[in-house]
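For reference, the structure discussed in these notes is given below.
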Amino acid sequence: RRVLLLGEGNFSFAAALCGARGTHVVATCYESEQEAAGRGGAARSIRRLRDSGAEVVFSVDCTKLKEHFLPGNREFDRVYFNFPHCGRKAGVVKNRQLLARFFHSCAEVLAREGEVHVALCNGQGGTPADQPRREWHNSWQIVAVAAAAGFVLSDVHPFEAETIDGYKCTGYRSQDKSFCVEGALNHIFTRSTAPLCFTPVSCKTQLGSQKVSFQVPQVLVDKIDRGFLEENSSHPVRTIKEKLSAGLSQAFPLQNISSCLPLLHQGHPDGVSHSNIFWITLSPGEAPSTEKMSQGPANTVMFSHLGRDADKNVQEGCPVPKQFYLRPSLLPHAQAIIKKRAFFPGTLQVLSGPVFRKCRITPHCMPVFHEMLVVLAVSRGTESSCIQMLVDSIETTMNSLHQGVSGIKPSVSLQEATSFGAELNDFAAFEWQLGEIQHFLCVGTDPAPSGACVGVIRTAADELKSSELVIVSASLNLDLLAMLLCGISDWRMLWTSDRRFLRQFPEGELRLFKSFSLYPPSYVHDISFWVPDGEEFDEVAFHTLARRVSGETVISIQLRDNFQQPGTGRRSLCYRVTFQSCDRALGCREAAEMQLHFREEIHQHLGVTLR
């Protein structure tokens, strides 16, 4: 591997590395050879480097690396920059600017899978790893500076100078003097994935005997066709689904509903708020008749990318005679099976797939997740024991999965629906809209053993019109289960396009997730506006616009002020919007541009008057 060292003082660090097997060292410094050789021990280190076959280059500007290396020699697997400094008594602002130019320059010479190592004195970096931690404005803000050049902090560990053979730090205030490196940290940066480019995507699906197409809502473009549950997938949600199915099959005869379930429904779901639905407009002339709709479920879904001049008639919001929407639940599919009596009593029917729900922005609230729905017809009077068998089987599977996930101790509990009250999370709250719930299924992990709702259990007798049988159904949020079991704190990480995520789960093995983007910077912007007179402000639509405009980089929206003007009665709202990406680099300029775009969008689509 090719290793580039920048800003070497006496070349003692480079000399310690040059003997490493399979490593070609290119050691550089900013000074001329005459200036560098005058430092204590530098001449000896330079000779050692050259004798070992390493390259030694002088007068190298770390902010213009491309200029110092020919095209064929520009790609380095690792770049080291130990204790960068502008020299003399330069303050934090100038050193921040130095790092910013360095990272942009580094992006031009680093290999795709390469690493950038930057060692800083204690407190300079401005991350939680610094102890004590400086105030943000008084630090070098290294993570935010690197993000602007497309890098994420993937690891940080102590810089242990005493373990580096022959190393001696030098360069205090541009002099041949040492400085204190106690508590110093080595920051390891890697390239981020590029920002997503949301080109319009058309989806073609079979409804009955007719194929119809629609434009996918922009907020779902990168999520609607990911195939996480397909046979060749190693994604955690599929692993958990397969393990749960295997565990349930030990207690019940089991049948997987293998046919592709339709993405679209027609009409309006009973009891569900209009603002929580992703409404879809079909391409002109393609709305199927009721007769064709009733002939059978969809069995084909195809996607294609559209150009920038995609037919405007398929945009969201265009009036159509018949309303269609993306499925918010698999429950209607189960109800269709029940009505057709296409099941055997005592056999567990398993349905699974992604479902889509507009919702507010919170760490555990997902506009799309993978639902696993199990349905069982049992004899009346035995439903309580069957529910307990379901829960026991799920708990056994969770405990089995725990064996491969160190440090996570799940506890599965069944809670009466009446005891949850105001503690409902977003998943459970939406499930209430779909129909009455008897029990909540909660999974707790240390240090929160009380549990989060990851599933709901319902019983229904009237759908069968039978005095002998009762339907028991359990809906599970596989994404929430994956987060709890693998220690994933942000649902967005499940949908990342960064390959480093799935590499942590080889062949479907569940492990404790280690983030490859540590201490991501956040940017806070406030936005205030007048609400149209006499209209109720749709907060869900507001949050959905924020998701779309930011590409899911808005992590929090908080209401800061609700003001009513005396005399006129006009109402003004002020929200605090926080931008932060969990998996890719997000710079302050990009966040500011998103905020400006967000202001334009809410003015155009929500009719508010900006302040």
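The range 583-599 to the range 1-32: how many Å between their Cα centroids? After rounding, the separation between the Cα centres reads 37 Å. With the simple model of a label 7 Å out from the Cα in the direction of the Cβ, ASP392 to ALA429 spans 3.6 nm. The charge dipole of the chain, taken about its Cα centre with unit charges on the Cβ atoms of Lys, Arg (+1), Asp and Glu (-1) only, comes to about 1260 debye. Annotation: per residue accessible area for the chain equals 47 Å², rounded to a whole number [probe 1.4 Å, protein chains only].
The DSSP beta bridges internal to the chain are antiparallel in roughly 80% of cases.
Rounded to the nearest 0.05, the FRET efficiency derived from the C-beta distance between SER273 and ARG74 at R0 = 56 Å is 0.50.
For the chain, the Cα gyration tensor yields ellipsoid semi-axes of 53, 29, 23 Å (square root of five times each eigenvalue, largest first, whole Å). The share of accessible area on the chain that comes from carbon and sulfur is 48 percent, using a 1.4 angstrom probe. Put TYR325, TYR519, TYR167 in order of accessible area, highest first, and with a 1.4 Å probe you get TYR519, TYR167, TYR325. Across the cross-link table entries LYS243/LYS514; LYS211/LYS243; LYS223/LYS340; LYS211/LYS241; LYS223/LYS243; LYS204/LYS358, which are compared at the Cα atoms, the separations over 25 Å belong to LYS211/LYS243; LYS223/LYS340; LYS211/LYS241. To the nearest ten degrees, helix 383-402 and the longest principal axis of the Cα atoms of the chain are 10 degrees apart. Along its first, second and third principal axes, ordered by size, the range 86-143 spans 34, 25, 16 Å in Cα coordinates. For the pair CYS180 and VAL92, label points projected 7 Å from Cα toward Cβ lie 1.7 nm apart. Close amide H partners of ILE277, meaning residues 5 or more places away or on another chain with modelled amide H under 5 Å apart, are LYS358.
Calculated from the alpha-carbon coordinates, the range 523-610 shows an Rg and a Dmax of 13.5, 48 Å respectively.
Please calculate the 1.4 Å probe accessible area of ARG50, with all protein chains present, and give it to the nearest 10 Å². Accessible surface of ARG50 is approximately 110 Å². Modelled label positions at ILE337 and ARG611, each set 7 Å beyond Cα in the direction of Cβ, lie 5.2 nm from each other.
Residue ranking by accessible heavy-atom surface, 1.4 Å probe, largest first, among ASP77, ASP270, ASP130 comes out as ASP270, ASP77, ASP130.
Compared with the dominant Cα axis of the chain, that is its longest principal axis, helix 92-106 is turned about 80°.
Spatially, the range 51-85 and the range 341-396 are offset by 58 Å when compared through their Cα centroids.
What is the list of residues in the range 47-79 whose amide nitrogen lies under 19 Å from a point 7 angstrom out from the Cα of GLU108, following Cα to Cβ? Taking a point 7 Å out along Cα→Cβ of GLU108, the residues of the range 47-79 whose backbone N falls under 19 Å are 57-79. Taking all protein chains as shown and a probe of 1.4 angstrom, ARG134 keeps an accessible surface of around 90 Å². Once the chain from ALA161 to GLU230 is taken as fully extended at 0.36 nm per residue, the excess over their C-alpha distance is 19.9 nm.
The length gained on full extension between PHE563 and SER52, counted as 0.36 nm times the residue separation minus their Cα-Cα distance, comes to 176.8 nm. Averaging the sequence gap over all C-alpha pairs within less than 8 Å and six or more residues apart, then dividing by the number of residues, gives the chain a relative contact order of 12 percent.
Treating the angle as unsigned and between 0 and 90°, give the value, to the nearest 10°, between the Cα long axis of helix 539-550 and the longest Cα principal axis of the chain. Between the helix axis and the principal axis of the chain, the angle is about 40 degrees. Rolling a 1.4 Å probe over the protein chains gives THR63 an accessible area of about 30 Å². Our summary gives the range 523-610 a relative contact order of 41 percent, counting only alpha carbon pairs under 8 angstrom and 6 or more residues apart.
The values are calculated or read from the model by the stated rules, or taken from the named source; none is laboratory data. Just so we're clear, the structure is a prediction, and the values are computed from it rather than from any experiment. Cβ atoms come from the backbone with ideal geometry, glycine included; neighbour counts cover every protein chain shown. What goes into the accessible areas is simple: the full protein's heavy atoms, side chains included, and nothing from ligands, DNA or RNA. Shrake-Rupley method; radii C 1.70, N 1.55, O 1.52, S 1.80 Å.
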